[in-house]
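Asks: Below: one structure in structure tokens.
The values are calculated or read from the model by the stated rules, or taken from the named source; none is laboratory data. From a predicted model like this one, the values you see are computed outputs, not experimental measurements. Don't worry about glycine lacking a Cβ; one is built from the backbone with ideal geometry, like all the others, and counts go over all protein chains shown. These area figures cover heavy atoms from the full protein model, side chains too; ligands, DNA and RNA do not enter into them. Shrake-Rupley method; radii C 1.70, N 1.55, O 1.52, S 1.80 Å.
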Amino acid sequence: MPKFLFWLALAISSQSYAARILPNQGQLGDLQAAALPEVKIDGKLYRTAPGLRIYGTNNALIMQNQTPQQAPVWYQFEATSGNIWRIWLLTNDEVATIKARPKTTIFE
């Protein structure tokens, strides 16, 4: 019986690590082909920060030249320069989850 409980707990816990946690301070968009150091998201060109990090769908860092020509993304701007400094490539399930999130408002 203890062996069964161990395998059951392992199976349940592995499901909890399947989803990525994306920061709330970001925006959803569609990445389109662009020449670096700029990226085109939703038809608008944005400059990228020197320390740009791009995360693949498995949450591993990928090189800028490995980004797909088109993909749904979650991205963040750098506060001081206004450049994009982090991009997450999203799966279709993650896009649906983000669209279902309630809108939050930040009061200053």
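Asks: Is it fair to say Ala34 is at pLDDT below 95, over 14 Å from Leu89 (Cβ atoms) and assigned to a strand (DSSP E or B)?
Replies: Considered against the rule, which asks whether it is at pLDDT below 95, over 14 Å from Leu89 (Cβ atoms) and assigned to a strand (DSSP E or B), Ala34 comes out as no.
Asks: Give me the pairs: first residue in segment 43-62 and more than 22 Å from Ile21 (Cα to Cα) and of a type in the set (Phe, Trp, Tyr), second residue open to solvent by less than 40 Å² (accessible area, probe 1.4 Å) and in a strand (DSSP E or B), beta-carbon distance under 6 Å, and six or more apart or on different chains, which are they?
Replies: That search, which allows pairs on different chains as well, returns Tyr46/Val39; Tyr46/Ile84.
Asks: Arg47: in a strand (DSSP E or B), surrounded by 10 or more Cβ atoms within 10 Å (Cβ to Cβ) and either out of contact with any Phe, Trp or Tyr (no Cβ under 8 Å at 6 or more places or on another chain) or polar (S, T, N, Q) (or both), yes or no?
Replies: The answer is yes for Arg47.
Asks: Can I ask one more? Considering segment 19-44 alone, what residues qualify as being of a type in the set (Val, Ile, Thr), out of contact with any strand residue (DSSP E or B) (no Cβ under 6 Å at 6 or more places or on another chain) and surrounded by 12 or more Cβ atoms within 10 Å (Cβ to Cβ)?
Replies: none
Asks: Within segment 9-24, is there a residue that is among the aliphatic types (A, V, I, L, M), modelled with pLDDT under 95 and touching a Phe, Trp or Tyr at 6+ places or on another chain (Cβ under 9 Å)?
Replies: Yes, that holds for at least one residue.
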